[in-house]
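First the structure, in the form of structure tokens, and then the observations on it.
The values are calculated or read from the model by the stated rules, or taken from the named source; none is laboratory data. Because the structure is predicted, anything quoted here is derived from the model rather than measured. Positions of Cβ are backbone-derived with ideal geometry, glycine not excepted, and every protein chain shown enters the neighbour counts. Heavy atoms of the whole protein, side chains included, go into the accessibility calculation; ligands, DNA and RNA do not. Shrake-Rupley method; radii C 1.70, N 1.55, O 1.52, S 1.80 Å.
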Amino acid sequence: MNFLLPELGFEYTALEPHIDAKTMEIHHSKHHNGYTNNLNNALEKASISSENIEDILMELDMNNMGLRNNAGGYYNHCLFWEILNPNDKQNLRGELEAAINSAFGSFEDFKEQFSKAAATRFGSGWAWLCVKDGVLEICSSANQDNPMMPGIGCGGTPIMGIDVWEHAYYLNYQNRRPDYINAFFNLVNWGVVSEKFKNA
Ligand code: MN3
């Protein structure tokens, strides 16, 4: 077993009313747990012993669908829980705020573009804020694909992402994905995203 399901670091109720406890419980203990177990199985099958998920993603054989789906699913959800962590939650400021204003014009313009990328991703997938060569960009990817995988078309290091699979919001929001995306913006811990920006 290379990888373990990470602890959330907060209660399933902690994101209410924006994300309900039942959705959080199923999402973390069932979906993320499934990706984690399937990742370990896919690594064993491919005889890959790396314990660095970033390396695994960057060196991925995109034709290995089991590994692609589950390495992506494992990593994407780890990042998602990190940026939603309500402990020591911080507002957007400093270098990241300046970089967002520089890349998108204003926070409102950034929010609009990011929300549009998330809302228009057809079917299941993710929208991302990435850093590529020091510049911020927004993109989206299908299924559990990730900007670090080769040839996804949205390259760079993801520092923030939103899960737009129906399992992420359907119990509470049903077909109202835009309402879920809007609610997500109440939850982002910008201190965590800023740390990722500095390290990218
Ligand atoms: Mn999910």
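Here the Debye sum runs over all C-alpha atoms of region 35-90 as equal scatterers in vacuum, and log10 of I(q)/I(0) at q = 0.30 Å⁻¹ comes out as -1.26.
Protection proxy ranking of 86-95, 37-46, by the mean of other Cβ atoms within 10 Å over each peptide's residues and highest first, is 37-46, 86-95. A 1.4 Å probe run over region 20-200, with the rest of the protein chains in place, finds 46 Å² accessible per residue. Between Asn2 and Asn37, the simple label model (points 7 Å from Cα in the Cβ direction) yields a spacing of 1.9 nm.
Restricting attention to the chain, lysine pairs at least eight places apart or on different chains and with alpha-carbon atoms under 15 angstrom apart total 4.
Surface composition of the chain: carbon plus sulfur atoms hold 45% of the accessible area, using a 1.4 angstrom probe and ignoring ligands, DNA and RNA. The alpha carbon centroids of region 155-195 and region 42-68 are separated by 26 Å.
Among 54-66, 139-151, sorting by the average number of other beta carbon atoms lying within 10 angstrom of each residue, highest first, gives 139-151, 54-66. Considering helices alone, the calculated mean residue ellipticity of the chain at 222 nm is -13500 deg cm²/dmol, with DSSP H runs of length four and up weighted by -39500 (n - 2.57) and normalised per residue. Considering only alpha-carbon pairs that sit under 8 angstrom and 6 or more positions apart, the relative contact order computed for the chain is 24 percent. Distance between the pseudo-spin-label points of Leu171 and Ala14 (7 Å out from Cα toward the beta carbon): 1.7 nm.
Counting only whole DSSP H helices of the chain, the ones at least 27 Å long by C-alpha along their axis and with mean Kyte-Doolittle hydropathy no lower than -0.5 are 65-84.
Sorted from longest to shortest, the spans of the Cα atoms of region 20-200 along the three principal axes equal 47, 38, 32 Å.
Between Met62 and Lys132, the modelled labels are 1.3 nm apart [label points 7 Å from Cα along Cα→Cβ].
Computed with every protein chain present, the accessible area of His18 is close to 50 Å² [probe 1.4 Å].
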